[in-house]
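Have a look at the structure below before the remarks.
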Amino acid sequence: MVITVSDRAFKGEYADKSGPVIRELLEKSGLACEVFYTLIPDDKKQLSRAFDENRDKDYIFTTGGTGISSRDVTPDATAAFCERELPGVSDYLRAESLKETPFAVFSRAYCGIRGKTIIVNFPGSVKAVTLCTRLMIPILEHGKKMLAGEGHG
């Protein structure tokens, strides 16, 4: 599941480019998964509802709303929805992003687990989601297996 969180894209002020990039990269990855996509405004309640409606998915990826403006609520909504944090994933994505831009220090992106679903926040730029999605693809199956209790094999 891919959720773009953006007031301006939701209002039609510009086209969402980041969400479709994540979807395309996941679909081309060869992973056995169907990728769904939705676009919502920067709103904690709507994001929580979208999480709840998709809690049967293995992964939910968000793009947008991870910065430091007052409207950037994605990490807060994600943390409130999740039962457990996965700081290693967020740390990994931030560390790799810092190799590309010093502005990654302003990312508050969060990763956590609710039930059997792993939720990962990506920044909102096409460049950032391309990097983050490519970093995640090789580890998705392993994370899914670990969460299912299938060990580290």
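The values are calculated or read from the model by the stated rules, or taken from the named source; none is laboratory data. Quantities reported herein were computed from a predicted structural model and do not represent experimental measurements. Backbone-built Cβ (ideal geometry, glycine too); neighbour counts: all protein chains shown.
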List the residue pairs whose Cβ atoms are under 6 Å apart, where the first residue sits in the stretch 139-153 and is surrounded by 14 or more Cβ atoms within 10 Å (Cβ to Cβ), the second is assigned to a loop (DSSP other than H, G, I, E, B) and at pLDDT 90 or above, and the two are 6 or more positions apart or on different chains. LYS144/ASP58; LEU147/LYS116
Members of the stretch 58-70 that are within 13 Å of the chain's Cα centre (by Cα) and farther than 14 Å from PHE122 by Cα: ASP58
Scan the stretch 54-86 residue by residue and report those that are surrounded by fewer than 14 Cβ atoms within 10 Å (Cβ to Cβ) and either under 10 Å from ILE119 (Cβ atoms) or touching a Phe, Trp or Tyr at 6+ places or on another chain (Cβ under 9 Å) (or both). ILE68
What do you reckon, is ALA95 without any contact (Cβ under 8 Å) to a residue 60 or more places away in the chain, out of contact with any strand residue (DSSP E or B) (no Cβ under 7 Å at 6 or more places or on another chain), assigned to a helix (DSSP H, G or I) and crowded, with 23+ Cβ neighbours inside 10 Å? no
Any chance you could count how many residues in the stretch 132-149 are farther than 20 Å from ASN121 by Cβ, part of a helix (DSSP H, G or I) and in contact with a Lys or Arg (Cβ under 8 Å, 6 or more places away or on another chain)? 0
Which of the following residues is surrounded by fewer than 22 Cβ atoms within 10 Å (Cβ to Cβ) and over 29 Å from GLY149 (Cβ atoms): PHE36, PHE106? PHE106
